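Right, one structure below, let's go through it.
The values are calculated or read from the model by the stated rules, or taken from the named source; none is laboratory data. Note that the coordinates shown come from a computational prediction; the quantities given were computed from them, not determined experimentally. Counting neighbours? That spans all protein chains shown, and the Cβs are built from the backbone with ideal geometry, glycine included. Accessible surface areas use protein heavy atoms only, side chains included; no ligands, DNA or RNA. Shrake-Rupley method; radii C 1.70, N 1.55, O 1.52, S 1.80 Å.
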Amino acid sequence: MKKITTLLALFLIVSACGVKQTRNMLTSGDYDAAIRNSVDGLRGNKNAKGRQDYVYMLEEAFAKAKERDLRDINGWFKDANPQNLEKIYNTYLQLNARQELIRPLLPLKLLKEGRDAIFPFDDYTDQIVSSKNSLSKYLYDNSKALLVNKDKIVIRRAYDDLAYLQSINPGFKDVAKLMEEAKFKGTDFVNVYTKNETNMIIPARLQDDLLDFSTYGLNDKWTVYHSNRQKGIDYDYGIIVNFRQINISPEQVKEKQFDKEKLIKDGVKNLLDANGNVVKDSLGHPIKVDNMKTIRISIYEYSQTKACQITAKVDYINFKTNQLIETFPLASEFVFSNMYAKYRGDKRACEESYYANFDKRAVPFPSNEQMVYDTGNDLKAKLKDIITRNRLRR
């Protein structure tokens, strides 16, 4: 019984908090929030005596919200500003949606007054269709006018308006075709290419990999990168990877010799006393102890190394003004390394983790061209990072 009483008290507290919150929304003019709270509070047992506050507040909030919306619509019509057409359309949708939110709860009783709560619903179908058509015509005409503009930002705004028009009025005139036009005209096309300012030949496959932008994932809604210029496209920007210097170190083989020793168990032996006699147990058997011995190994370790370093710079060019926008340094290094070892003695004297080196052998050094190419993986990652962090338009 005590548990039930506690739960009832908790419910009343939560309910009181909900009512207070809804009343604050109502008095502050946030009518739709008050309506949503009231509807939530009435779901389940709408005719309960404890839910009456929600019915009163729902009736009041609905009346005030409707009066406000119709007053706003009337003002926008009088203003005759075409930019208000979207507000008119959305407000009619809001008026209708508000009714549909409340409709499933009707009728709602006001117990003290012995009447149903009053919710004067209206059919806004004609107004919604009319305002949608007016808005659609305005968006269509305005977007077509914006498409003749040379400013890509303005054209992108036209694209967004057309996309919105497509969402509210699918299939309206030739909107899909105009969106394609706006997409093309509003896109920044970027030509990315390389220049070789070194005295070495850059491997063709490195340049191909570096400029394979299909693997970069950099294209976004309004920026497209091409490594090869395409007909019919007027490029806005250029990104030039200027190779400045390529340094390749000589092939090096270093040898290092070192010794190791370890004390290991090598079977067992008889325990001897200080006089060299065999120590026996109580049964007369010789006592055995571990026979420890020291083993040694001489290791001859060989390391092959060859390094390649590429330094470059990335220039951002505005093709419209033929001006340098910004320059970023780009550098990468690749080190070829191979280690192997030989030994004399007992290999158990060194760590087991080192054994793999005894199975390795010397390998041919990569060519200079291969070294330059292998440096490209890191170079490509850094180039992508530069472009990602330094978009042409932010």
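For the range 262-306, what are the residues that are in a strand (DSSP E or B), of a type in the set (Val, Ile, Thr) and over 30 Å from GLU251 (Cβ atoms)? Steps first, answer last, please.
Just the residues of the range 262-306 that are in a strand (DSSP E or B), to begin with: 262-270, 272, 278, 280, 286, 288-306.
Of the ones still in play, those that are also of a type in the set (Val, Ile, Thr) are 264, 268, 278, 289, 294-295, 297, 299, 305.
Residues satisfying the conditions are ILE264, VAL268, VAL278, VAL289, THR294, ILE295.
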key: Criterion violated by ASN322 - all others in (1) at pLDDT 95 or above; (2) of a type in the set (S, T, N, Q); (3) open to solvent by 60 Å² or more (accessible area, probe 1.4 Å) satisfied   = (1)
message = Take ALA341 and tell me if it is at pLDDT 90 or above, out of contact with any Ser or Thr (no Cβ under 9 Å at 6 or more places or on another chain), open to solvent by 50 Å² or more (accessible area, probe 1.4 Å) and more than 30 Å from TYR225 (Cβ to Cβ).
response = no
Test: SER298 is open to solvent by less than 50 Å² (accessible area, probe 1.4 Å) and over 30 Å from ASP378 (Cα atoms) = yes
ask   = When you look at LYS137, is it open to solvent by less than 70 Å² (accessible area, probe 1.4 Å), modelled with pLDDT of 95 or more, outside any loop (DSSP other than H, G, I, E, B) and among the basic types (Lys, Arg), yes or no?
value = no
inquiry  = With of a type in the set (A, V, I, L, M, F, W, C), in contact with a Lys or Arg (Cβ under 6 Å, 6 or more places away or on another chain) and under 20 Å from GLN245 (Cβ atoms) as the only criterion, which of ALA307, ALA312 stands out?
reply    = ALA312
task = Can you run down the residue pairs with Cβ atoms below 6 Å, 6 or more apart or on separate chains, where the first is in the range 353-378 and more than 18 Å from PRO203 (Cα to Cα) and the partner is at pLDDT 95 or above and outside any helix (DSSP H, G or I)?
result = ASN357/TYR340; ASN357/ALA341; PHE358/ALA341; LYS360/TYR340; ARG361/TYR340; VAL363/ASN338
Members of the range 189-214 that are farther than 18 Å from THR311 by Cβ and crowded, with 17+ Cβ neighbours inside 10 Å = PHE189, VAL190, ASN191, VAL192, LEU211, PHE213
ask   = Which residues, taken from the range 263-292, are open to solvent by 80 Å² or more (accessible area, probe 1.4 Å) and either among the small types (Gly, Ala, Ser) or closer than 30 Å to ALA341 by Cα (or both)?
value = LEU263, LYS265, ALA274, SER282, MET292
task = Would you be able to tell me the number of residues in the range 324-382 that are basic (Lys, Arg) and under 27 Å from the mean Cα position of the chain (by Cα)?
result = 2
ask   = For the range 21-126, which helices (runs of 4 or more DSSP H) that fit wholly inside it have 3 or more residues that are within 27 Å of TYR138 (Cα to Cα)?
value = 52-79, 85-102
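From the residues in the range 344-367 that are assigned to a helix (DSSP H, G or I), open to solvent by less than 90 Å² (accessible area, probe 1.4 Å) and not polar (S, T, N, Q), which one is nearest to LYS260 (Cα to Cα)?
Applying the first criterion (assigned to a helix (DSSP H, G or I)) to the range 344-367 yields 347-349, 352-359.
Remaining after also requiring open to solvent by less than 90 Å² (accessible area, probe 1.4 Å): 347, 349, 354-358.
Cutting the leftovers down to not polar (S, T, N, Q) gives us 347, 349, 354-356, 358.
Values: LYS347: 9, ALA349: 6, TYR354: 12, TYR355: 14, ALA356: 17, PHE358: 15 Å.
Only one residue tops the list, namely ALA349.
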